[in-house]
Amino acid sequence: MSLANKSITEVPVLTTENLILRAIDEKDLAGLFAIFSSEPVMQFMDVERFTNISEAAQMVTFFREKLSIGEGIRWAICLKDNDQLIGTCGFHHISPTHYKCEIGYDLLPAFWGKGIMTNALHAILQFGFEQMNFNRIEAIVDPINTKSYALLDRLGFQREGLHRQSFFEKGRFVDVYIYSMLQGDYKNELHF
């Protein structure tokens, strides 16, 4: 079945043992602002830190627009016992022609090191490979963001190489590591 036949019009609810992944909406503005105004979170992102909660509202609109045109899908990460957004994860740069996308994720620093993002990404990788029929899911990581690429290594992504000065971010050129997981890699991973 082609990826084009797998277009998603609504963000499905995904669950893990301790998480609920759901659509991001207006009740999440404070959580989004907390994440995207946090220096530790934003250190390696290609956008500037939020300074006004209206930027969080614009982000909700942006996520909805990307979903409506089939270019992205983003989930709110919430603990099962609390519906408050503590992070986000999802797919962007979806390419139906090439059966691929890029994965992205962020989490409030208070929740780092607790296995939350590992669990969340397990859920969306399963959805991406099994429901959306992706063949390739990519990740782009700043080489000094050791926590992010350690996460990708744990999940079974393969580091393909270094793109030197690939992006101009926050006034400087930055290198990035390119990671990928293929449909065959996913099927071979026993922990999924």
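The residues of region 99-135 that are buried (at least 18 other Cβ atoms within 10 Å of the Cβ) and among the basic types (Lys, Arg) amount to a single one, Lys100. Selection of first residues in region 87-101 that are over 18 Å from Glu130 (Cβ atoms) and of second residues that are β-branched (Val, Ile, Thr) and part of a strand (DSSP E or B), restricted to Cβ pairs under 7 Å at least 6 apart or on distinct chains, gives the following pairs, ordered by first then second residue: Gly87/Ile77; Thr88/Ile77. Anything in region 20-31 that is open to solvent by less than 30 Å² (accessible area, probe 1.4 Å) and more than 14 Å from the chain's Cα centre (by Cα)? List them, or say none. Result: Asp28, Gly31. Of all residue pairs spaced 6 or more apart or on separate chains, those with beta-carbon atoms under 6 Å, a first member in region 40-58 that is part of a helix (DSSP H, G or I) and a second member that is loosely packed, with under 14 Cβ neighbours inside 10 Å and modelled with pLDDT of 90 or more are Pro40/Pro109. Once region 140-173 is narrowed to residues that are at pLDDT 90 or above, within 21 Å of His93 (Cβ to Cβ) and among the hydrophobic types (A, V, I, L, M, F, W, C), the residue that is farthest from the chain's Cα centre (by Cα) is Phe173.
Listed by first and then second residue, the pairs linking a residue in region 176-188 that is within 28 Å of Asp46 (Cα to Cα) and open to solvent by 40 Å² or more (accessible area, probe 1.4 Å) to a residue that is assigned to a helix (DSSP H, G or I) and not charged (D, E, K, R), with Cβ atoms under 7 Å apart and 6 or more places separating them unless they lie on different chains, are Tyr177/Tyr149.
Among all positions in region 33-43, there is at least one residue which is among the hydroxyl-bearing types (Ser, Thr, Tyr), open to solvent by less than 30 Å² (accessible area, probe 1.4 Å), modelled with pLDDT of 95 or more and out of contact with any strand residue (DSSP E or B) (no Cβ under 7 Å at 6 or more places or on another chain). Are there any pairs, at least 6 apart or on different chains, whose C-beta atoms fall under 6 Å, with the first in region 103-122 and under 15 Å from Gln43 (Cβ atoms) and the second open to solvent by less than 30 Å² (accessible area, probe 1.4 Å) and not small (Gly, Ala, Ser), and if so, which? That search, which allows pairs on different chains as well, returns Tyr105/Cys89; Tyr105/Met117; Asp106/Ile35; Asp106/Val41; Asp106/Thr88; Leu107/Met117; Leu108/Ile35; Leu108/Ile86.
The values are calculated or read from the model by the stated rules, or taken from the named source; none is laboratory data. These figures come from a predicted structure and were not determined experimentally. As a convention, Cβ positions derive from the backbone with ideal geometry for all residues, glycine included, and neighbour counts pool all protein chains shown. To get the accessible areas, we keep the full protein, side chains included, count just its heavy atoms, and leave off ligands, DNA and RNA. Shrake-Rupley method; radii C 1.70, N 1.55, O 1.52, S 1.80 Å.
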